[in-house]
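Q: A single structure is presented below for examination.
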Amino acid sequence: MQHHFELASDNTAGAVPEALEALIEANAGFVPAYATDAATERARRAIASFFEHDCEVFFHLTGTAANALAFAHLARSFEAVLCHAHAHVVTDECNAPEFFSGGAKLVTLEAEHGKLAPDAVAKRLAARSDVHSPRIAAVSVTCPTEVGTVYTLGELAAIAAVTHAAGAALHLDGARFANAVVALDVAPAELSWRAGVDVVSFGATKNGLPFGEALVFFDAERARGFAARHKQAAQLASKSRFLTAPFAAFLESGAWRRAAQHANARAAELAAGARALGLEPAHPVEANAVFLTLGDDAKGALAERGWHAYDDVDPAGALRLVCSWQTSPESVQAFLADLAGVLA
(Lines give C-alpha, C1' and ligand atoms only; values in the text may rest on other atoms or scores of the structure.)
Protein backbone atom coordinates (compact mmCIF):
# COMPACT_ATOMS: atom_id res chain seq x y z
CA MET A 1 0.00 0.00 0.00
CA GLN A 2 1.24 3.46 -0.87
CA HIS A 3 1.23 5.84 2.08
CA HIS A 4 0.06 9.41 1.50
CA PHE A 5 1.27 11.97 4.04
CA GLU A 6 0.81 15.08 1.89
CA LEU A 7 -2.54 16.04 3.41
CA ALA A 8 -1.85 14.91 6.97
CA SER A 9 -0.15 18.17 7.96
CA ASP A 10 1.92 20.97 6.52
CA ASN A 11 4.62 19.66 8.86
CA THR A 12 5.06 16.69 6.54
CA ALA A 13 6.30 18.89 3.67
CA GLY A 14 9.92 19.65 2.95
CA ALA A 15 11.70 22.99 3.00
CA VAL A 16 11.46 25.53 0.17
CA PRO A 17 14.57 25.78 -2.07
CA GLU A 18 15.35 29.34 -0.92
CA ALA A 19 15.66 28.15 2.69
CA LEU A 20 17.88 25.20 1.82
CA GLU A 21 20.18 27.37 -0.28
CA ALA A 22 20.55 29.80 2.61
CA LEU A 23 21.30 26.92 4.95
CA ILE A 24 24.16 25.77 2.71
CA GLU A 25 25.52 29.32 2.40
CA ALA A 26 25.47 29.70 6.17
CA ASN A 27 27.85 26.75 6.45
CA ALA A 28 30.79 28.66 4.96
CA GLY A 29 33.59 29.83 7.22
CA PHE A 30 33.71 30.81 10.89
CA VAL A 31 31.27 33.27 12.42
CA PRO A 32 30.41 34.45 15.94
CA ALA A 33 28.12 32.21 17.98
CA TYR A 34 24.99 32.63 20.11
CA ALA A 35 22.97 34.95 17.87
CA THR A 36 25.73 37.53 17.50
CA ASP A 37 26.36 36.65 13.84
CA ALA A 38 25.49 38.64 10.71
CA ALA A 39 22.92 36.08 9.52
CA THR A 40 20.91 36.47 12.71
CA GLU A 41 21.02 40.24 12.51
CA ARG A 42 19.93 40.04 8.88
CA ALA A 43 16.99 37.83 9.90
CA ARG A 44 15.98 40.32 12.60
CA ARG A 45 16.02 43.11 10.01
CA ALA A 46 14.02 40.97 7.58
CA ILE A 47 11.34 40.39 10.22
CA ALA A 48 11.25 44.08 11.10
CA SER A 49 10.78 44.87 7.41
CA PHE A 50 8.14 42.14 7.08
CA PHE A 51 6.11 43.69 9.91
CA GLU A 52 7.04 47.30 9.03
CA HIS A 53 7.92 47.90 12.66
CA ASP A 54 10.96 48.14 14.88
CA CYS A 55 10.59 45.03 17.01
CA GLU A 56 12.41 42.71 19.39
CA VAL A 57 12.88 39.27 17.84
CA PHE A 58 13.87 35.98 19.47
CA PHE A 59 14.35 32.81 17.46
CA HIS A 60 13.06 29.51 18.84
CA LEU A 61 13.49 25.93 17.78
CA THR A 62 9.79 25.10 18.14
CA GLY A 63 6.42 26.79 18.19
CA THR A 64 5.69 25.23 21.57
CA ALA A 65 8.70 27.02 23.03
CA ALA A 66 7.71 30.34 21.45
CA ASN A 67 4.15 30.14 22.80
CA ALA A 68 5.06 28.84 26.23
CA LEU A 69 7.80 31.40 26.82
CA ALA A 70 5.56 34.20 25.57
CA PHE A 71 2.93 33.22 28.14
CA ALA A 72 5.55 32.89 30.87
CA HIS A 73 6.73 36.41 30.10
CA LEU A 74 3.26 37.96 29.90
CA ALA A 75 1.66 36.23 32.88
CA ARG A 76 3.08 35.62 36.34
CA SER A 77 2.57 32.31 38.10
CA PHE A 78 -0.52 33.59 39.94
CA GLU A 79 -2.10 35.05 36.78
CA ALA A 80 -3.82 33.55 33.74
CA VAL A 81 -3.98 33.56 29.94
CA LEU A 82 -7.35 33.48 28.18
CA CYS A 83 -7.59 31.42 24.99
CA HIS A 84 -9.91 29.19 22.97
CA ALA A 85 -10.77 25.85 24.56
CA HIS A 86 -9.34 23.99 21.58
CA ALA A 87 -6.28 26.16 20.98
CA HIS A 88 -3.00 24.38 20.32
CA VAL A 89 -1.57 25.76 23.57
CA VAL A 90 -4.34 23.95 25.46
CA THR A 91 -4.56 20.64 23.63
CA ASP A 92 -1.15 19.99 22.08
CA GLU A 93 1.67 21.49 24.13
CA CYS A 94 1.89 19.08 27.06
CA ASN A 95 1.36 21.80 29.69
CA ALA A 96 4.44 23.68 28.47
CA PRO A 97 2.82 27.10 29.09
CA GLU A 98 2.01 26.19 32.69
CA PHE A 99 5.45 24.63 33.18
CA PHE A 100 7.48 27.59 31.94
CA SER A 101 5.30 30.15 33.69
CA GLY A 102 5.53 28.31 36.97
CA GLY A 103 1.79 27.83 37.19
CA ALA A 104 -0.04 30.54 35.22
CA LYS A 105 -3.46 29.13 34.43
CA LEU A 106 -4.93 28.76 30.95
CA VAL A 107 -8.52 30.00 31.12
CA THR A 108 -10.57 28.84 28.14
CA LEU A 109 -13.67 29.81 26.21
CA GLU A 110 -15.74 27.73 23.82
CA ALA A 111 -16.47 29.50 20.55
CA GLU A 112 -17.74 28.52 17.12
CA HIS A 113 -15.26 27.72 14.35
CA GLY A 114 -12.25 28.25 16.61
CA LYS A 115 -12.59 32.05 16.89
CA LEU A 116 -12.99 33.94 20.15
CA ALA A 117 -15.79 36.51 20.13
CA PRO A 118 -14.94 40.03 21.40
CA ASP A 119 -18.06 40.18 23.61
CA ALA A 120 -17.26 36.86 25.25
CA VAL A 121 -13.66 37.94 25.83
CA ALA A 122 -14.82 41.21 27.39
CA LYS A 123 -17.29 39.40 29.64
CA ARG A 124 -14.65 36.95 30.86
CA LEU A 125 -12.12 39.72 31.44
CA ALA A 126 -14.67 41.57 33.58
CA ALA A 127 -15.48 38.49 35.68
CA ARG A 128 -14.29 37.79 39.20
CA SER A 129 -10.79 39.10 39.87
CA ASP A 130 -10.35 39.03 43.65
CA VAL A 131 -7.35 37.46 45.34
CA HIS A 132 -8.98 34.01 45.15
CA SER A 133 -9.12 34.04 41.33
CA PRO A 134 -6.23 34.55 38.90
CA ARG A 135 -6.14 37.85 37.04
CA ILE A 136 -6.07 37.41 33.26
CA ALA A 137 -2.83 39.04 32.17
CA ALA A 138 -2.99 38.07 28.49
CA VAL A 139 -5.39 36.92 25.80
CA SER A 140 -4.13 34.56 23.10
CA VAL A 141 -5.76 34.15 19.69
CA THR A 142 -4.72 31.73 16.96
CA CYS A 143 -4.80 32.88 13.34
CA PRO A 144 -5.49 30.85 11.33
CA THR A 145 -7.34 28.97 14.05
CA GLU A 146 -7.01 25.27 14.78
CA VAL A 147 -9.91 24.63 12.41
CA GLY A 148 -8.53 26.78 9.59
CA THR A 149 -10.62 29.91 10.01
CA VAL A 150 -9.17 33.42 9.92
CA TYR A 151 -9.94 36.42 12.11
CA THR A 152 -10.90 39.51 10.14
CA LEU A 153 -9.02 42.70 10.91
CA GLY A 154 -12.12 44.07 12.59
CA GLU A 155 -12.55 41.01 14.79
CA LEU A 156 -8.92 41.12 15.84
CA ALA A 157 -9.02 44.85 16.57
CA ALA A 158 -12.17 44.41 18.66
CA ILE A 159 -10.52 41.70 20.76
CA ALA A 160 -7.44 43.91 21.15
CA ALA A 161 -9.58 46.80 22.35
CA VAL A 162 -11.32 44.84 25.12
CA THR A 163 -8.05 43.14 26.04
CA HIS A 164 -6.15 46.40 26.45
CA ALA A 165 -9.08 48.02 28.27
CA ALA A 166 -8.68 45.31 30.90
CA GLY A 167 -4.94 45.96 31.19
CA ALA A 168 -3.99 42.68 29.51
CA ALA A 169 -1.70 41.94 26.54
CA LEU A 170 -2.76 40.37 23.26
CA HIS A 171 -0.72 37.44 21.94
CA LEU A 172 -1.20 35.93 18.50
CA ASP A 173 -0.26 32.33 17.86
CA GLY A 174 0.73 32.55 14.22
CA ALA A 175 1.86 29.01 13.48
CA ARG A 176 0.38 29.55 10.01
CA PHE A 177 0.50 33.35 10.05
CA ALA A 178 1.49 33.65 6.38
CA ASN A 179 -1.58 31.67 5.32
CA ALA A 180 -3.82 34.14 7.16
CA VAL A 181 -2.06 37.17 5.65
CA VAL A 182 -2.50 35.76 2.15
CA ALA A 183 -6.09 34.74 2.82
CA LEU A 184 -7.02 38.29 3.83
CA ASP A 185 -4.74 39.89 1.21
CA VAL A 186 -3.33 42.33 3.75
CA ALA A 187 0.11 43.39 4.92
CA PRO A 188 1.52 41.46 7.89
CA ALA A 189 1.43 44.70 9.88
CA GLU A 190 -2.34 44.91 9.43
CA LEU A 191 -2.85 41.50 11.02
CA SER A 192 -0.53 42.22 13.92
CA TRP A 193 0.48 45.46 15.62
CA ARG A 194 -1.82 47.75 13.64
CA ALA A 195 -4.75 45.62 14.84
CA GLY A 196 -3.50 45.86 18.43
CA VAL A 197 -1.47 42.66 18.78
CA ASP A 198 1.40 43.00 21.26
CA VAL A 199 3.32 39.77 20.67
CA VAL A 200 3.30 37.29 17.77
CA SER A 201 4.58 33.74 17.70
CA PHE A 202 5.55 33.89 14.03
CA GLY A 203 5.61 30.37 12.67
CA ALA A 204 7.62 29.53 9.59
CA THR A 205 8.19 25.77 9.78
CA LYS A 206 4.70 24.93 8.51
CA ASN A 207 5.07 27.63 5.85
CA GLY A 208 8.25 26.17 4.33
CA LEU A 209 11.29 26.43 6.61
CA PRO A 210 13.16 23.29 7.73
CA PHE A 211 12.79 24.45 11.35
CA GLY A 212 12.49 27.65 13.35
CA GLU A 213 9.93 30.05 14.76
CA ALA A 214 10.27 33.68 15.82
CA LEU A 215 8.74 35.40 18.82
CA VAL A 216 8.16 39.05 17.93
CA PHE A 217 7.55 41.79 20.50
CA PHE A 218 6.31 45.07 19.06
CA ASP A 219 7.16 46.99 22.24
CA ALA A 220 10.77 46.86 23.44
CA GLU A 221 9.72 47.57 27.02
CA ARG A 222 7.43 44.54 27.02
CA ALA A 223 10.36 42.40 25.88
CA ARG A 224 12.60 43.56 28.73
CA GLY A 225 14.31 40.57 30.35
CA PHE A 226 13.14 38.07 27.77
CA ALA A 227 16.66 37.34 26.51
CA ALA A 228 17.48 35.69 29.83
CA ARG A 229 14.24 33.68 29.80
CA HIS A 230 15.02 32.60 26.22
CA LYS A 231 18.46 31.36 27.27
CA GLN A 232 17.19 29.68 30.45
CA ALA A 233 14.70 27.69 28.38
CA ALA A 234 17.51 26.31 26.18
CA GLN A 235 16.33 28.20 23.07
CA LEU A 236 19.51 30.19 22.37
CA ALA A 237 21.17 28.11 19.67
CA SER A 238 24.96 28.27 19.63
CA LYS A 239 25.17 28.02 15.84
CA SER A 240 22.19 30.28 15.42
CA ARG A 241 23.04 31.13 11.82
CA PHE A 242 21.60 27.78 10.73
CA LEU A 243 18.30 28.74 12.34
CA THR A 244 18.20 32.32 11.13
CA ALA A 245 19.78 32.40 7.66
CA PRO A 246 16.89 30.42 6.11
CA PHE A 247 14.45 32.76 7.85
CA ALA A 248 16.00 35.81 6.22
CA ALA A 249 16.12 34.30 2.74
CA PHE A 250 12.57 33.02 3.09
CA LEU A 251 11.21 36.49 3.82
CA GLU A 252 13.45 38.54 1.53
CA SER A 253 12.75 36.37 -1.52
CA GLY A 254 8.99 36.43 -1.06
CA ALA A 255 8.97 32.64 -0.77
CA TRP A 256 6.75 32.92 2.30
CA ARG A 257 3.98 34.49 0.23
CA ARG A 258 4.28 32.08 -2.70
CA ALA A 259 4.23 29.11 -0.33
CA ALA A 260 1.13 30.33 1.49
CA GLN A 261 -0.68 31.18 -1.74
CA HIS A 262 0.01 27.72 -3.10
CA ALA A 263 -1.18 25.98 0.08
CA ASN A 264 -4.35 28.05 0.30
CA ALA A 265 -5.13 27.45 -3.37
CA ARG A 266 -4.83 23.68 -2.99
CA ALA A 267 -7.15 23.79 0.03
CA ALA A 268 -9.70 25.73 -2.00
CA GLU A 269 -9.50 23.08 -4.74
CA LEU A 270 -9.93 20.33 -2.17
CA ALA A 271 -12.95 22.03 -0.63
CA ALA A 272 -14.55 22.57 -4.05
CA GLY A 273 -14.01 18.92 -4.91
CA ALA A 274 -15.55 17.79 -1.65
CA ARG A 275 -18.61 19.98 -2.26
CA ALA A 276 -18.98 18.45 -5.71
CA LEU A 277 -19.25 15.08 -3.95
CA GLY A 278 -21.94 16.42 -1.64
CA LEU A 279 -19.73 17.14 1.37
CA GLU A 280 -19.85 20.63 2.87
CA PRO A 281 -16.71 21.28 4.97
CA ALA A 282 -17.37 21.36 8.70
CA HIS A 283 -15.75 24.81 8.99
CA PRO A 284 -15.32 27.71 6.55
CA VAL A 285 -12.28 27.05 4.37
CA GLU A 286 -10.33 30.29 4.70
CA ALA A 287 -6.68 29.23 4.71
CA ASN A 288 -4.96 25.90 4.03
CA ALA A 289 -7.07 23.41 6.01
CA VAL A 290 -10.24 21.53 5.12
CA PHE A 291 -12.34 19.59 7.65
CA LEU A 292 -14.68 16.89 6.34
CA THR A 293 -17.35 15.19 8.42
CA LEU A 294 -17.11 11.47 7.63
CA GLY A 295 -18.26 8.34 9.37
CA ASP A 296 -15.79 5.93 10.93
CA ASP A 297 -16.20 3.50 8.04
CA ALA A 298 -15.29 6.17 5.50
CA LYS A 299 -12.31 7.30 7.57
CA GLY A 300 -11.15 3.72 7.85
CA ALA A 301 -11.54 3.13 4.12
CA LEU A 302 -9.43 6.21 3.33
CA ALA A 303 -6.78 5.00 5.77
CA GLU A 304 -6.79 1.62 4.06
CA ARG A 305 -6.06 3.43 0.82
CA GLY A 306 -3.02 5.00 2.47
CA TRP A 307 -4.30 8.47 3.37
CA HIS A 308 -2.97 9.75 6.68
CA ALA A 309 -4.97 12.49 8.41
CA TYR A 310 -6.09 13.52 11.90
CA ASP A 311 -9.63 13.44 13.24
CA ASP A 312 -8.84 14.62 16.78
CA VAL A 313 -8.31 18.32 16.04
CA ASP A 314 -11.94 19.19 15.40
CA PRO A 315 -14.07 18.76 18.55
CA ALA A 316 -16.73 16.93 16.52
CA GLY A 317 -14.23 14.54 14.95
CA ALA A 318 -14.15 15.89 11.39
CA LEU A 319 -11.20 14.68 9.34
CA ARG A 320 -8.54 17.40 8.97
CA LEU A 321 -6.75 17.77 5.64
CA VAL A 322 -3.95 20.34 5.46
CA CYS A 323 -2.26 21.60 2.31
CA SER A 324 1.30 22.89 2.12
CA TRP A 325 3.60 24.65 -0.32
CA GLN A 326 4.45 21.21 -1.70
CA THR A 327 0.93 19.81 -2.10
CA SER A 328 0.33 19.21 -5.81
CA PRO A 329 -2.95 19.51 -7.70
CA GLU A 330 -2.45 15.86 -8.61
CA SER A 331 -2.40 14.87 -4.94
CA VAL A 332 -5.62 16.76 -4.33
CA GLN A 333 -7.30 15.04 -7.26
CA ALA A 334 -6.00 11.64 -6.18
CA PHE A 335 -7.52 12.11 -2.73
CA LEU A 336 -10.82 13.27 -4.20
CA ALA A 337 -10.92 10.23 -6.47
CA ASP A 338 -10.42 7.93 -3.51
CA LEU A 339 -12.96 9.88 -1.50
CA ALA A 340 -15.50 9.47 -4.29
CA GLY A 341 -14.83 5.72 -4.33
CA VAL A 342 -15.27 5.50 -0.58
CA LEU A 343 -18.52 7.47 -0.60
CA ALA A 344 -19.87 5.36 -3.45
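Q: Multiply the residue separation of Ala187 and Phe211 by 0.36 nm, subtract the distance between their alpha-carbon atoms, and state the gained length in nm to one decimal. Present the calculation step by step, with values, prior to reporting the outcome.
A: Values: separation 24, 0.36 × 24 = 8.64 nm, distance 2.37 nm.
6.3 nm is the gain from fully extending Ala187 to Phe211.
Q: Can you compute 3J(HN,Hα) from phi for each residue in region 311-327, using the Karplus curve 6.51 cos²θ - 1.76 cosθ + 1.60 with θ = phi - 60°, rounded to whole Hz and x for Gly and Pro?
A: Values per residue, Gly and Pro as x: 10, 10, 8, 6, x, 8, x, 5, 6, 8, 10, 10, 9, 10, 5, 9, 5 Hz.
Q: Region 237-306 to region 95-166: how many Å between their Cα centroids?
A: Spelled out, the Cα-based centre of one part sits 25 Å from the other.
Q: Compute the relative contact order of region 65-203 as a whole-number percentage, counting only Cα pairs closer than 8 Å that sit 6 or more residues apart in sequence.
A: 24
Q: Where both residues lie in the chain, what percent of DSSP beta bridges are antiparallel, nearest 5?
A: 45
Q: Among the aspartates and glutamates, which fall within straight-line cross-link reach of Lys115, defined as a Cα-Cα distance under 14 Å, with same-chain neighbours fewer than 8 residues apart omitted?
A: Glu146, Glu155, Asp173, Glu286, Asp314
Q: Taking the DSSP beta bridges in region 171-319 as the whole, what percent of them are antiparallel, to the nearest 5?
A: 60
Q: For all pairs of alpha-carbon atoms in the chain, what percent lies in each bin of width 10 Å, listed from the first bin to the last filled one?
A: Going from the shortest bin to the longest, the percentages are 6, 25, 32, 24, 11, 2, 0.
Q: Could you grab the relative contact order for the chain? Cα pairs under 8 Å, six or more apart, rounded to a whole percent. Don't skip to the answer; put the middle values down first.
A: Working: 684 pairs, mean separation 91.1, N = 344.
Reported as a whole number, the value is 26 percent.
Q: Two-decimal Rg/Rh of region 1-104 from alpha-carbon positions, Kirkwood Rh?
A: Rounded to two decimals, Rg over Rh is 1.06.
Q: Give the peptides 24-30, 134-140 in descending order of average Cβ contacts within 10 Å, highest first. Can you show the working numbers first?
A: Numbers: 24-30: 10.6, 134-140: 22.7.
Highest to lowest by the protection proxy: 134-140, 24-30.
Q: Let me ask another. First measure r as the distance between the Cβ atoms of Arg258 and Ala28, then evaluate 1/(1 + (r/R0)^6) with R0 = 25 Å and state the FRET efficiency to the nearest 0.05.
A: 0.40
Q: About the Cα centre of the chain, how large is the charge dipole given +1 on each Lys and Arg Cβ and -1 on each Asp and Glu Cβ? Please answer in debye to the nearest 20. Before the final figure, lay out the partial values.
A: Values: 26 positive and 39 negative charges, 170 e Å.
Rounded to the nearest 20 debye, it is 820 debye.
Q: Of the options Ala38, Ala48, Leu20, report the single residue whose Cα projects farthest towards the positive end of the charge dipole of region 1-67 (beta-carbon charges: Lys, Arg +1; Asp, Glu -1).
A: Farthest towards the positive end: Ala38.
Q: Averaged across orientations, what area in nm² does the convex hull of the alpha carbons in region 133-189 project?
A: Dividing the Cα hull surface by four gives the mean projection, 4.4 nm².
Q: Also: Using a probe radius of 1.4 Å on heavy atoms only, what accessible surface per residue do you get for region 2-51? Whole Å² is fine.
A: Counting only protein heavy atoms, the per-residue value for region 2-51 is 56 Å².
Q: Still on this structure: Starting from the Kirkwood radius over alpha-carbon pairs of region 194-344, derive D by Stokes-Einstein at 20 °C in a medium of 1.002 mPa s and give it in µm² s⁻¹.
A: Taking Rh from Cα pairs, D becomes 119 µm²/s.
Q: Determine the sum of side-chain charges near Thr40: Lys and Arg each +1, Asp and Glu each -1, restricted to other residues whose C-beta is under 11 angstrom from that of Thr40.
A: Working: positive: Arg42, Arg44, Arg45, Lys239, Arg241; negative: Asp37, Glu41.
Counting the neighbours of Thr40, the net charge comes to +3.
Q: Cα to Cα, under 30 Å, and not fewer than 8 places away if on the same chain: which lysines meet these conditions relative to Lys231?
A: Leaving aside lysines fewer than 8 places away in the same chain, those within reach of Lys231 are Lys105, Lys206, Lys239.
Q: Same structure, new question: Determine the gain in length on full extension of the stretch Gln2-Asn95; use 0.36 nm per residue of separation and subtract their C-alpha separation, reporting nm with one decimal.
A: 29.9 nm
The values are calculated or read from the model by the stated rules, or taken from the named source; none is laboratory data. From a predicted model like this one, the values you see are computed outputs, not experimental measurements. Counting neighbours? That spans all protein chains shown, and the Cβs are built from the backbone with ideal geometry, glycine included. These area figures cover heavy atoms from the full protein model, side chains too; ligands, DNA and RNA do not enter into them. Shrake-Rupley method; radii C 1.70, N 1.55, O 1.52, S 1.80 Å.
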